[in-house]
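Okay, structure first, notes after.
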Amino acid sequence: MKLFYKIKRVGLLIITAGILITACNKAPLPPAPIAQPVQGTSPTLATLLDNPDSSFTFLKAAVVRAGLLAALSSPTQRYTVFAPDNTAFMLSGISSVGVINSLPVATVAGLVSYHVIPQVIASTSIPTTFPNFEYPSILNPTTGTPGFNPLVRLTNFPSRRGSAAWINNIPITATNVSAVNGVLHKVAVLVAPPTRFLWDSISTSADLTYLRAAVIRADSGVAVAGTLQTALSSFGVNLTILAPTDLAFRTTLTGAIAGALIPLITAQLIAGGATPAQAAAQAPGIALAQATTLAATPAVFSNPALFGALSAQTVKGIVVYHILGTTIPGIRVFSVNMPTTATQVKTLLNQAVAVHPGVTVRATFAGPFVGAATVKGLANATASNIIINPANPFATDQNYINGVMLRIDQVLMPQ
């Protein structure tokens with residue numbers, strides 16, 4: 001019995017958890033020259049925060065509490081600061097300087113550090129290419145962790161489309177405020193550093209229980225270092241997961257299982273004395289009822305009766321078709337970086353099927369955010385919708401230490 005398609009070989013090579021955040025999507029573009037002030041020592045990035053017209057009093061308090069004032073005051077250093085003003089802090093839930101000063105120093109230091117890149121990136125240097133380029137921030141999330149590389153830094157992803165620009169999926173509202181030691185760009189809200197891995201979310205989200213079960217099934221018989229779970233829990237990768245919701249999985253599995261059962265049930269009915277016409281009329285309803293029961297829970301992936309159809313290799317093929325990129329460490333794609341014309345993007349399934357065209361993605365903008373986006377598998381009759389949160393556009397892209405997750409409403413089918 002075949003279900004979905006037959007994967008001849010899915011040679012998914014997983015990089016182990018000890019890898020460091022050093023692999024970029026591509027080498028960052030050389031920064032474009034930016035005019036520096038004539039003064040040799042002022043203004044610095046720190047003194048720009050004292051400008052009464054800039055409304056950076058919250059950020060100045062955060063920089064002081066984080067212990068970064070000296071670094072941003074040094075005329076010999078070079079930084080790019082993505083700077084939230086007071087309104088941006090308040091939109092992010094931080095209502096006063098008093099709140100900032102009540103937070104743990106380590107929390108404030110992590111937040112501020114993620115807004116700072118240790119090189120000068122003028123707006124004209126922000127890439128317009130797809131996928132997002134990767135730049136290291138000065139945030140080392142593992143400071144104080146014994147045995148961990150002290151050079152590891154969390155990265156962020158500036159991108160640009162025409163005159164609009166973003167850091168991750170946060171709009172940049174003003175650009176190129178110059179200082180002797182760098183440049184400042186204002187941002188709409190705080191750029192929160194990720195604190196969890198992709199697997200942390202997949203393994204605990206109430207609407208991703210089928211995806212979790214599919215990953216576990218795909219890892220059957222694979223050494224821990226080579227599992228999908230390891231990659232989804234590791235530093236050093238940039239995985240974009242197009243995550244089908246539980247409803248999407250149930251719908252696809254019910255139809256696929258019913259289709260696979262119809263010929264078996266038809267044969268059983270004929271063997272029981274039904275005519276071919278009677279069997280053909282009765283089999284679809286019986287198959288649908290049985291398939292609905294079988295697909296009703298994520299246990300469908302661990303049901304031995306379905307192992308012939310849902311083999312570990314077949315399920316792995318399904319899962320990796322939902323991960324963008326041709327190899328691990330992969331690529332990290334925020335919705336605002338997606339092309340506005342239908343564009344084919346390869347997936348990790350291409351490690352097994354090199355000529356596979358992958359999936360087709362497209363985004364439609366509504367102001368500085370994506371208003372709608374779709375992704376279509378090769379065998380899908382219609383495109384899947386990336387689930388947009390109109391009430392909170394920042395929530396569409398879920399940023400993690402090792403990648404981005406975008407929820408979708410269909411399971412993608414490669415053939």
Based on alpha-carbon centroids, what's the gap between the stretch 200-227 and the stretch 111-125 in Å, whole number please?
35
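Would you mind calculating the gained length between VAL222 and THR87 on full extension (0.36 nm times residue separation, minus the Cα-Cα distance), in nm to one decimal? Kindly include the intermediate steps, with their values, before the conclusion.
Working: separation 135, 0.36 × 135 = 48.60 nm, distance 4.97 nm.
Using 0.36 nm per residue and subtracting the Cα-Cα distance, I get 43.6 nm.
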With every protein chain in place, what's the accessible area of LYS346 (1.4 Å probe, Å², nearest 10)?
80
Nonlocal amide H pairs with GLY371, under 5 Å, H built at 1.01 Å:
THR364, PHE365, ALA366
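Tell me what the chain gives for mean residue ellipticity at 222 nm when only DSSP H runs of n ≥ 4 count, each as -39,500 (n - 2.57), the sum divided by the residue total, rounded to 500 deg cm²/dmol. Display every interim value, and only then the final one.
On the way: 12 runs with 113 residues, N = 415.
Computed ellipticity for the chain at 222 nm equals -8000 deg cm²/dmol.
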Listed by chain and number, the residues whose amide H is under 5 Å from that of VAL187, excluding neighbours fewer than 5 places away on the same chain and using placed H, are ALA83, ASP85, THR173
Kyte-Doolittle mean at least 0.0, axial Cα span of 24 Å or more - DSSP H helices of the chain
246-271, 276-294
Assuming R0 = 60 Å, what is the FRET efficiency of ALA289 and THR47, from their Cβ-Cβ distance, to the nearest 0.05?
0.25
Given a 1.4 angstrom probe, what's the average accessible area per residue across the chain, in square angstrom?
41
Pairs of Cα atoms under 8 Å, at least six residues apart: use those to get the relative contact order of the stretch 261-415, whole percent.
15
FRET efficiency, GLN119 to THR297 (Cβ-Cβ, R0 51 Å, nearest 0.05)
0.50
Residue by residue through the stretch 329-341, which ³J(HN,Hα) values in whole Hz follow from phi under the Karplus form 6.51 cos²θ - 1.76 cosθ + 1.60 (θ = phi - 60°), with glycine and proline marked x?
x, x, 9, 10, 10, 8, 4, 5, 8, 6, x, 8, 10
Apply the Karplus parameterisation 6.51 cos²θ - 1.76 cosθ + 1.60, with θ equal to phi minus 60°, to every residue of the stretch 380-389 and state each ³J(HN,Hα) to the nearest whole Hz, in sequence, with x for glycine and proline.
6, 5, 10, 6, 7, 8, 6, 6, 9, 9
The relative contact order of the chain, taking Cα pairs under 8 Å that sit 6 or more residues apart, comes to a percentage of 20
Could you tell me the calculated FRET efficiency between LEU247 and SER74, based on Cβ-Cβ distance and R0 = 51 angstrom, to the nearest 0.05?
0.45
Given the C-alpha centroids of the stretch 385-406 and the stretch 270-332, what is the distance between them in whole angstrom?
28
HN-Hα J couplings of the stretch 398-411 from phi, Karplus 6.51/-1.76/1.60, θ = phi - 60°, integer Hz, Gly and Pro as x?
9, 8, 10, 4, 10, x, 10, 10, 10, 6, 10, 9, 9, 7
If I compute Cα extents along the principal axes in Å from the structure I just sent, which labelled value in [x] 57, 53, 42; [y] 59, 56, 36; [z] 95, 46, 42 lines up?
[z]
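If you keep only loop residues by DSSP, which trypsin sites (Lys or Arg not before Pro) in the stretch 188-227 have at most 15 other Cβ atoms within 10 Å of their Cβ?
Numbers: sites: ARG196, ARG212, ARG217; in loops: ARG196.
Answer by residue number: ARG196.
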Within the chain, what whole-number % of the accessible surface is contributed by carbon and sulfur, with the 1.4 Å probe and all protein chains included in the calculation?
62
Lysine pair number, Cα distance threshold 21 Å (strictly under), the chain, separation 8 or more or different chains:
11
Under the 7 Å Cα-to-Cβ spin-label approximation, THR340 and THR129 lie apart by a distance in nanometres of 2.1
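The values are calculated or read from the model by the stated rules, or taken from the named source; none is laboratory data. Computed from a prediction, not measured in an experiment: that's the story for all the values here. Every residue, glycine among them, receives a Cβ derived from its backbone with ideal geometry; neighbour counts consider all protein chains shown. These area figures cover heavy atoms from the full protein model, side chains too; ligands, DNA and RNA do not enter into them. Shrake-Rupley method; radii C 1.70, N 1.55, O 1.52, S 1.80 Å.
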